[in-house]
Amino acid sequence: YSTLPKHDILCIDMRSFYASCEAVALGMDPEDCYLAVVGDPDLSSSIVLASSPKLKRDFGIKTGNRVFEIPKHRNIRLVGARMGYYLQKSIEITQIYYGYVPLEDIHIYSIDEAWLKVDGSEGIFGDKRAIAQKIKDEIYRELGLPSAVGIGPNRFLSKVCLDIEGKKRGIACWEYEDVPRKLWPLPTKKCWGIGSAMARNLKNL
């Protein structure tokens, strides 16, 4: 791996972003409520766009389910999607990133996910783990939104680290040396960028 880039890259993901935004707006704890964001709450065939972690865990309701699949339960809240509101919250999160790294070191991947290169910030804010914790804490303090961080020497590995460990632990860090032990034993479909069709092709090879 000596010829590959070696940076300190954070891949930051906002957990159940749409559902978390709506939970905070309703004065609820995003990680301790039953809430689903759907296209149209009055349409039984409408698609679930996001569900709170507790709704996923206790009722198995995930993105892509339909409204009619959600159990009739007095504590489950259905909310119609407000894309403009989520975009505004995403902008506010990005403004928090600006406090830690310059614009050229921020790569927005989606409305709820971004990469930050923190190499040049460590003399100010501490090492990569300390920076990740500071950013997580500030987002939660200012906006009430939970997040997870994967840290790696490039964007790819930080994203894989996030998906496999970071979303469970809150913060996780992988180096190139971790790849044989942590990545190689997993099914190929666990690797970011490999879908079901590519997984089949690789298995056939």
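Restricting the search to segment 154-180, which residues are out of contact with any strand residue (DSSP E or B) (no Cβ under 6 Å at 6 or more places or on another chain), assigned to a helix (DSSP H, G or I) and closer than 22 Å to D127 by Cβ? Passing the criteria: F156, L157, V160, I164, K168, R169, Y176, E177, D178, V179.
Consider segment 37-73 and keep the residues that are charged (D, E, K, R) and in contact (Cβ under 8 Å) with a residue 40 or more places away in the chain. The one that is most open to solvent (accessible area, probe 1.4 Å) is K56. Scanning segment 1-28 for residues that are of a type in the set (D, E, K, R) and in contact with a Pro (Cβ under 6 Å, 6 or more places away or on another chain) yields a total of 2. For first residues located in segment 188-204 and free of Cβ contacts under 8 Å to residues at least 60 places away in the same chain, partners that are not in a helix (DSSP H, G or I) and not hydroxyl-bearing (S, T, Y) and lie 6+ apart or on another chain with Cβ distances below 8 Å form the pairs T188/I194; K189/G195; A199/P187; L202/I194. Taking the numbered list (1) part of a loop (DSSP other than H, G, I, E, B); (2) in contact with a Leu (Cβ under 8 Å, 6 or more places away or on another chain); (3) within 24 Å of K54 (Cα to Cα) in turn, L145 passes all entries but (2). Restricting segment 74-91 to residues that are basic (K, R) and at pLDDT 95 or above, the residue that is surrounded by the most Cβ atoms within 10 Å (Cβ to Cβ) is K89.
Considering only residues that are within 15 Å of I151 (Cβ to Cβ) and either charged (D, E, K, R) or modelled with pLDDT of 95 or more (or both), which ones fall in segment 110-121? Correct list: E113, A114, W115, L116, K117, V118, D119.
Out of A23, A114, one residue alone is under 19 Å from the mean Cα position of the chain (by Cα), surrounded by 18 or more Cβ atoms within 10 Å (Cβ to Cβ) and part of a helix (DSSP H, G or I). It is A23.
Going through (1) open to solvent by less than 70 Å² (accessible area, probe 1.4 Å); (2) part of a helix (DSSP H, G or I); (3) at pLDDT below 95 one by one, L186 falls short only on (2). The single condition among (1) over 17 Å from the mean Cα position of the chain (by Cα); (2) surrounded by 15 or more Cβ atoms within 10 Å (Cβ to Cβ); (3) of a type in the set (F, W, Y); (4) closer than 30 Å to L26 by Cα that F125 does not satisfy is (4).
Could you tell me which of the residues I135, I151, I108, I131 is open to solvent by less than 70 Å² (accessible area, probe 1.4 Å) and in a strand (DSSP E or B)? Being open to solvent by less than 70 Å² (accessible area, probe 1.4 Å) and in a strand (DSSP E or B) holds for just one of I135, I151, I108, I131, which is I151.
When you look at S16, is it small (G, A, S) and over 16 Å from the mean Cα position of the chain (by Cα), yes or no? No.
The values are calculated or read from the model by the stated rules, or taken from the named source; none is laboratory data. Predicted model, so just to flag it, every value in this text is computed and none were measured. Neighbour counts run over all protein chains shown; Cβ positions are idealised from the backbone, glycine included. Side chains are part of the model used for accessible areas, which takes the heavy atoms of the whole protein and leaves out ligands, DNA and RNA. Shrake-Rupley method; radii C 1.70, N 1.55, O 1.52, S 1.80 Å.
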